[in-house]
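One structure below.
The values are calculated or read from the model by the stated rules, or taken from the named source; none is laboratory data. Computed from a prediction, not measured in an experiment: that's the story for all the values here. Virtual Cβ from ideal backbone geometry, glycine too; neighbours counted across all protein chains shown. Note: areas computed on protein heavy atoms with side chains; ligands, DNA, RNA excluded. Shrake-Rupley method; radii C 1.70, N 1.55, O 1.52, S 1.80 Å.
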Number of protein chains: 2
Amino acid sequence: MMTKVFAYDTTLRDGAQAQGISFSVEDKLRIVRKLDELGIAYIEAGNPGSNPKDLEFFRRLGELTLRHAKIIAFGSTCKVGADPADDGQLASLLSANTPAVAIFGKTWDYQVTDILRTTPEENLRMIRATLAFLKAHGKEIVFDAEHFYDGYKAHADYALAALAAAVEGGADSLVLCDTNGGSFPDEIFDITRVVAQRFPGVAIGIHCHNDCELAVANSVRAVQAGATQVQGTINGIGERCGNANLCAIIPNLQLKLGFDVIPPDAMQTLTPVARFVSEVANVEHNDKAAYVGADAFAHKGGMHIDAVKKNPVSYEHTPPESVGNTRRVLMSEVAGRSTILGKIHEVDASLDKDSPQTRAIIDRLKALEHEGYQFESAESSFELLVRKMLGKFTPSFELKQFRAMVTEPALEGAFNSSAMIKIHVDGEDEISAAEGDGPVNALDRALRRALERFYPQLREMKLTDYKVRVLDSSLASAAKVRVLIESSDGESSWTTIGVSTDVIDASWRALVDAIEYKLAK
Amino acid sequence: MMTKVFAYDTTLRDGAQAQGISFSVEDKLRIVRKLDELGIAYIEAGNPGSNPKDLEFFRRLGELTLRHAKIIAFGSTCKVGADPADDGQLASLLSANTPAVAIFGKTWDYQVTDILRTTPEENLRMIRATLAFLKAHGKEIVFDAEHFYDGYKAHADYALAALAAAVEGGADSLVLCDTNGGSFPDEIFDITRVVAQRFPGVAIGIHCHNDCELAVANSVRAVQAGATQVQGTINGIGERCGNANLCAIIPNLQLKLGFDVIPPDAMQTLTPVARFVSEVANVEHNDKAAYVGADAFAHKGGMHIDAVKKNPVSYEHTPPESVGNTRRVLMSEVAGRSTILGKIHEVDASLDKDSPQTRAIIDRLKALEHEGYQFESAESSFELLVRKMLGKFTPSFELKQFRAMVTEPALEGAFNSSAMIKIHVDGEDEISAAEGDGPVNALDRALRRALERFYPQLREMKLTDYKVRVLDSSLASAAKVRVLIESSDGESSWTTIGVSTDVIDASWRALVDAIEYKLAK
């Protein structure tokens, strides 16, 4: 019988504290739906007492039917000297109408006397009275013991007394918070075990921050010490260095240590959910993220690739498909011929490694790599190259000419850059022009304007990432540059490449590939 | 007496395996210099047997005088059935002429029989013979026990026998590798302790990967179990999910656990070194990185800010200045006021930290950093900024207008780009034009042509390096870019910066600074 551990997601509450993160009501509803599908047990969705936008969100939550998740509204204990029944913040919390609430309170005596500026006894009363008030309203109560580990290290007796007050008030779970992220795995294990033994009738939770890059390890160690609830966020989103990353904790606990955290089938949606949240939060998805990053199962060195082909366990700690990710064998001169053949087979399965076409493609690949192309992160451009060489590609348009121009200083109220473009599609010429932030942006706009008449589906496509790298930078402004463009149409995303001594020309090549790839799909 | 732990950096070897990372010989020399200043004990700098570019680098290492670091050349055991004396790879390793070498060998029996396809006994011979051969050449030997933890979990006896063979061959240290990154802190602790007890006369090292987001915790636990050498990379650069991150491990061990890893003074250079390596590797520096990220000590929530003002320990696990980072409240705040004052003193030694001019410069610096400027690697632009703000700068020319134009396809035999420029110097207008490889190159040529009549000394100056970085790349082709230009006149070199939404405009700003700096010298 596997031990049950409840995943508690706070992406929408603590995660939203991160710099640059801001969710609309619609964003939050979409994320709740995805988290429920993933099998998250608790979703801490906002703080209705401090944020009027959250109240609207809680009202609209009724639109959703959730299969797994309980929604949690988050708030704090009542004020010093006050009666919880008179506390507007707690009234808002109740009006959110959730089955469960989370209340944070102080457990570090220094924080009570120096930050809250009250007596240790009054803080205990505030905890007890606030929880009892909410319990009388029938709520399941999660008590977040803020700064618990620092408090325990300073004065264990007081930290434990605060937990006891929460239990007396009716807490269903005690969440031990490493609020500043400064604790270490061995401390977390030892202290969590003491608490679990002291309060056998209550669930113990863990809430870590990543300030020492230890949040995942600390969360895992707490569970190994007896915690049965793990708080964290998708992709570790959160202020400072982030919250504990559920996308690593969940597979670590379930796939490696045998705990029962989410439904087994749901594990395969972990990578898509992680990417979805990055997209909604409008942050770059971390390619190097454990389990869910694009590079997590990417292999480059020739020796590693050979070994992984013989047996994936050679350089993979877990099968990528178990978390909905995929193995990637990077295209580069170190990659063997059989890797490239795999890519060729996606276009034409009849070719083998000795076919003249295969040899021609490999020769062309080598020549392009020598020029500075690198297809390991631009597989869409490689696929187009293969299609072209196998005669399976018809260009969607022909460039007659473009002109891009930059003028400094710019005219008052005008962009400094403009582009004119003339293309030929199906026997017709089309000419258009656009302004932009720089010549690449102007060119991008002018090209789309010209093409949309013929290919309206291009409207759903947008450029999501643009990278420039200078190759052999000792040639200074005449050096070659490599441009990578990532595009998305909402359903999938693809990356294309261009190399040239001219950044405009390199960008143009990547841009054309991006559009051709979309139209070939 | 604090226990000594040796920091072992492999950014230039294992880190360079990461997708998209490629260091030039010059880059590698610059990084070695910085790592030495940081007090890194061992720098694993490359694999001379597999990479001819590395051989040139090892030859040029003689140019550097290192205070702390020992350079390590990396290679593998000899081939199955072979004599190390006949092994070309080992001969290259010796030709690198380093005081120490690292050799990796297999310790997981499954890898020996299924990947290497030889007998367990032959693998032991290969380890023993290779190390004995290198020892006879007077090398300090680091033995990297590949897949050690997986091997130990499968067949402990064989994994330990492989270590014993390495000790018999003359290994000075045994580095236990969690090659696939799949091990957990408690396992790492237990197994490392067994090894440390079994081989008391040899130093034990730890080499972790971050596939379960546990590499920092695993490294720390290994040291707590008796390891005295920690391998990792700056910023955790490395293939898949990266190597163990020395920028978190070093302060965790030294500031939190009391180990002696690097000179105490050097700790304050940790953040600048981390940013420097990101810059040279041309990767975005991770804002959320523990200790060295721009957000690591950033406070957003009003309550947190109030508490931090009352006492930083409220929401900071360590003082930011201890690792050369800074607290940020709301907007960006600049690296140490005293650092900036030092720069200001180079222009005007009479100013102190409370002078209104100093405050004005710091305010301007903050505003520019917020826009995406970063003066750490562009000190010449910073010096010009200080001169301008102190009224100690007279521009050498005034731009009336430039126009840069790109046409595709280019006319037969012509460059695709051209630029026209009109400037004003000493009451005279000068207009000139040039073609080039791309608009920046054309503009650079046109500007020099116009200026050389007035400033013939510009003929001795040339651009030696040109880097482009996209900031906030989710805005795609309308994103901001940062351009760094390195120039040289044979005697000295200097770096200048420009930031704009337009790569041409950003390049122009950096170019003007480069020329003004030369003329102000």
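Report the charge-dipole magnitude of the stretch B:6-281 in Debye, nearest 20, computed about the Cα centre from +1 at each Lys and Arg Cβ and -1 at each Asp and Glu Cβ.
Roughly 480 debye, rounded to the nearest 20.
How much length would be gained if the chain were fully extended between B:His424 and B:Glu491, taking 0.36 nm per residue of separation minus their Cα-Cα distance, in nm to one decimal?
In short, 21.2 nm is gained.
Restricting to Cα pairs below 8 Å that are 6+ residues apart, what does the relative contact order work out to for chain A? Please round to a whole percent.
That works out to 9 percent.
Can you give me the long-range amide H partners of A:Val329? Hydrogens built in the peptide plane at 1.01 Å from N, cutoff under 5 Å, separation of 5 or more residues or another chain.
Counting only residues 5 or more places away or on other chains, the set is A:His299.
What is the set of long-range amide H partners of B:Lys400 at a cut-off below 5 Å, with H atoms built 1.01 Å from backbone N?
B:Lys422, B:Ile423, B:His424
Taking only the Cα atoms of the stretch B:151-270, how large is their convex hull per residue, in Å³?
In the stretch B:151-270, the Cα hull volume divided by residue count equals 106 Å³.
Each label point is 7 Å from the Cα along the Cα-to-Cβ direction; what then is the distance between the points at B:Gln197 and B:Gln268, in nm?
In this crude label model, B:Gln197 to B:Gln268 measures out at 4.4 nm.
In Å² (nearest 100), what accessible area is buried between B and A, both sides summed, heavy protein atoms only, 1.4 Å probe?
8400 Å²
Evaluate peptide B:240-246: per residue, the Cβ atoms of other protein chains within 10 Å of its Cβ; return the mean as an integer.
5
In peptide B:399-411, what is the residue-averaged number of other protein chain Cβ atoms found within 10 Å of each Cβ?
That average works out to 5.
What distance in nm separates the two pseudo spin-label positions at B:Glu435 and B:Lys153, each 7 Å out from Cα along the beta-carbon direction?
About 6.3 nm, to one decimal.
Leaving ligands, DNA and RNA out of it, rank A:Met461, A:Met2 by accessible area with a 1.4 Å probe, largest first.
A:Met2, A:Met461
At what distance in nm do the modelled label points of A:Lys400 and B:Lys521 sit from each other, each positioned 7 Å from its Cα along Cα→Cβ?
5.0 nm
Provide Rg over Rh for chain A; use the alpha carbon set for both Rg and the Kirkwood Rh (inverse mean inverse pair distance).
My calculation of the ratio gives 1.07.
D for the stretch A:431-521, whole µm²/s, Stokes-Einstein with Kirkwood Rh over alpha-carbon pairs at 10 °C and 1.306 mPa s: what number?
117 µm²/s
Quick one: net charge around B:Ala296, please, counting Lys, Arg +1 and Asp, Glu -1 for every other residue with C-beta under 11 Å from its C-beta.
It works out to a net charge of -2.
Hull surface divided by four, with the convex hull built on the Cα atoms of the stretch A:1-40: how many nm²?
Over every viewing direction, the Cα hull of the stretch A:1-40 projects on average to 3.4 nm².
How many percent of all Cα-Cα pairs in the stretch A:6-281 sit more than 35 Å apart?
The calculated P(r) of the stretch A:6-281 puts 10 percent of pairs beyond 35 Å.
If you place +1 on the Cβ of every Lys and Arg, -1 on the Cβ of every Asp and Glu, and leave all else neutral, what size is the dipole of the protein assembly as shown about its Cα centre, to the nearest 20 Debye?
Around 180 debye, computed over the protein assembly as shown.
Please figure out what share of the DSSP beta bridges in chain B is antiparallel and state it in percent, rounded to the nearest 5.
45 percent
May I ask you to report, in nm to one decimal and beginning with the shortest, the distances from A:Val425 to the same position in the other copies, taking label points 7 Å along Cα-to-Cβ?
Distances to the matching label points in the other copies: 4.9 nm.
What percentage of the solvent-accessible surface of the stretch A:398-520, computed with a 1.4 Å probe over protein heavy atoms, is contributed by carbon and sulfur atoms?
Within the stretch A:398-520, the accessible surface is 45 percent carbon and sulfur.
At R0 = 60 Å, how high is the FRET efficiency between B:Arg459 and A:Arg359 if r is their beta carbon distance? Nearest 0.05 is fine.
0.75
Among A:Lys480/B:Lys70; A:Lys4/B:Lys153; A:Lys153/B:Lys288; A:Lys309/A:Lys392; B:Lys422/B:Lys467; A:Lys288/A:Lys467, which pairs are too far apart, with a Cα-Cα distance over 23 Å?
Violating the 23 Å Cα-Cα cut-off are A:Lys480/B:Lys70; A:Lys4/B:Lys153; A:Lys153/B:Lys288; A:Lys309/A:Lys392; B:Lys422/B:Lys467.
How far apart are the B:Arg364 label points across copies, placing each 7 Å from Cα toward Cβ, in nm, shortest first?
5.4
In 10 Å bins starting at zero, report the fraction of Cα pairs in the protein assembly as shown per bin as a rounded %.
Histogram of Cα-Cα distances, whole percents per bin: 2, 10, 18, 22, 21, 16, 8, 2, 0.
Roughly speaking, what is the centre-to-centre gap between the stretch A:396-457 and the stretch A:157-171 when only Cα atoms are used, to the nearest Å?
After rounding, the separation between the Cα centres reads 67 Å.
Got a sec to turn the phi values of the stretch B:107-119 into Karplus ³J(HN,Hα) couplings, 6.51 cos²θ - 1.76 cosθ + 1.60 with θ = phi - 60°, whole Hz, x for Gly and Pro?
10, 9, 4, 4, 5, 5, 7, 9, 9, 6, 6, 9, 8
Assume the label is 7 Å from Cα along Cα to beta carbon: what separations in nm does B:Gly413 have to the matching positions in the other copies?
4.6
Let me know the mean shielding of B:205-212 by other chains, meaning the per-residue number of their Cβ atoms within 10 Å of its Cβ.
Neighbouring Cβ atoms belonging to other protein chains average 4 per residue here.
What does the charge count around A:Asp505 come to, taking other residues whose C-beta lies under 11 Å from its C-beta (Lys +1, Arg +1, Asp -1, Glu -1)?
Computed value for this residue: -1.
If you restrict to DSSP beta bridges whose two residues both lie in the protein assembly as shown, what percentage is antiparallel, to the nearest 5?
Counting only bridges with both partners in the protein assembly as shown, antiparallel ones make up about 50 percent.
Calculate the dipole size of the stretch A:374-521 relative to its Cα centre from +1 charges on Lys and Arg beta carbons and -1 charges on Asp and Glu beta carbons; express the result in debye to the nearest 20.
With Lys and Arg at +1 and Asp and Glu at -1, about 260 debye.
What is the projected area of the convex hull of the Cα atoms of the stretch A:204-255, averaged over all directions, in nm²?
3.1 nm²
Would you be so kind as to identify which of B:Ala145, B:Phe375, B:Met126 lies farthest towards the positive end of the dipole of chain B, taking Lys and Arg as +1 and Asp and Glu as -1 on Cβ and the Cα centre as origin?
Of B:Ala145, B:Phe375, B:Met126, it is B:Phe375.
Round to the nearest 0.05 the FRET efficiency obtained for B:Lys79 and A:Ser322 when R0 = 51 Å and r is the Cβ-Cβ distance.
After rounding to 0.05, the efficiency reads 0.90.
Which whole-Hz couplings ³J(HN,Hα) result when phi for each residue of the stretch A:491-498 is put into the Karplus expression 6.51 cos²θ - 1.76 cosθ + 1.60, θ = phi - 60°, listed in order with x for Gly and Pro?
In residue order, the calculated couplings are 8, 9, 9, 8, 10, 10, 9, x Hz.
Among B:Ile71, B:Val195, B:His299, which residue has its Cα positioned farthest towards the positive end of the charge dipole of chain B, with +1 placed on the Cβ of Lys and Arg, -1 on the Cβ of Asp and Glu, and the dipole taken about the Cα centre?
B:His299
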